[in-house]
Structure formats: structure tokens, C-alpha cells
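These notes are about the structure you will find just below.
Throughout, read-outs are computed from the coordinates displayed, never taken from laboratory work. Here the structure is a predicted model, which means the values were calculated and not measured. Here the Cβ positions follow ideal geometry from the backbone for every residue, glycine too, while neighbour counts run over all protein chains shown.
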Amino acid sequence: MTDCLFCRMVAGEIPADVVHETDRVLAFRDINPQAPTHVLVIPKQHHPTVGALALADPSLLGEVVVGAQTVAEQEGLVDDGGAEPGFRIVTNTGRQAGQTVHHVHLHVLGGRGLTWPPG
Ligand code: AMP
Ligand code: ZN
């Protein structure tokens, strides 16, 4: 989709600060970070929401989640043998939930205490 920001990033038309990549998944730093680690993990193929992706290609959704876990490990957010830092995976669906880019993305957030419930 030529009018999709994240498809254009996959195509290399818009720069991305890539931290992890496979043949089907891309992970890059959010341009407006909300935590010390704030990475977006996307399928390279366009799907609008996590639910749509799950219906269309559940194995690709699994690869995106593995990508999020890989990023969390790279960023030191997974159990380091003592303290367990932790991280949060968020995916907004629809405008009222705050989805502004309609290409499914997992936010991987960590590096600070995260409050619950979210706003
Ligand atoms: P959401 O609001 O859940 O759809 O998330 C979209 C995210 O994309 C926001 O956190 C934005 O800061 C982020 N974003 C928008 N443009 C870019 C960009 N060019 N590079 C990296 N992240 C971006
Ligand atoms: Zn797209």
C-alpha cells in the first residue's frame, strides 16, 4: 500500500531506526518514545489490525510476537538472572484506542515502571 507509512518504511522509502529484521518482520524505534525502550514490531506485509492479521495469517502473527520477544531480550528487558525488568506489548485497535497508523504494530515498551491500568 503506497499510502501506508509503515509499508513505505518496509520499502525503504522512509528511514527507520531498525533494531531487528527477518524476512517477514521489521522492528524499529518509535519516533516519539514513551519509555526508554519503545520499539514497534510489524509484519512486512500490510494488515490493518492484530485481529485481521490473526485471521489472515496466524503464523505471521506468531512471528511478530517472536520479534517482540527478541527485541525485549536485546534491550535487556527479559530476566537477567536476578531482577526481572519486564516489558509491555501494546497494540491499539481503532481510533478510540489511539491507533493512528493502520498497519498492525506491536509497541514494545520497557525500561521504566509501567503503571496499570493504562490510560
Ligand atoms: P499507534 O498510535 O498505536 O497507531 O502507534 C503509531 C506509532 O507510530 C506512534 O507511537 C508514533 O510515534 C509512531 N510513528 C509515527 N511515525 C513514525 C516514524 N516515521 N518512525 C517511527 N515511528 C513512527
Ligand atoms: Zn502498510
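Against the longest alpha carbon principal axis of the chain, how many degrees, from 0 to 90 and to the nearest 10, is the axis of helix 58-74 turned?
Helix 58-74 sits at roughly 40 degrees to that axis.
Please list 18-30, 41-53 highest first by mean number of surrounding beta-carbon atoms within 10 Å per residue.
41-53, 18-30
Note down the nm distance, to one decimal, between modelled labels 7 Å out along Cα→Cβ at Val101 and at Cys4.
Placing both labels 7 Å along Cα→Cβ, they lie 1.2 nm apart.
Do you know the relative contact order of segment 4-93, to the nearest whole percent, from alpha carbon pairs under 8 angstrom that are 6+ apart?
21
Name the shape class, rounded, prolate or oblate, that the alpha-carbon gyration tensor gives for the chain, where a ≥ b ≥ c are the square roots of its eigenvalues, rounded holds for a/c under 1.5, and otherwise prolate holds if a/b is larger than b/c and oblate otherwise.
Taking the square roots of the gyration eigenvalues as a ≥ b ≥ c, the chain is prolate.
Can you give the net charge of the other residues whose Cβ lies under 12 Å from the Cβ of Phe87, counting K and R as +1 and D and E as -1?
Net local charge, Phe87 excluded: -2.
Rounded to the nearest Å, what's the spacing between the alpha carbon centres of segment 1-35 and segment 50-106? Just the number, please.
Between the Cα centres of segment 1-35 and segment 50-106 lies a distance of 14 Å.
For Ile89 and Ile14, calculate 0.36 nm times their separation in residues minus their Cα-Cα distance, and state this gained length in nm to one decimal.
24.6 nm
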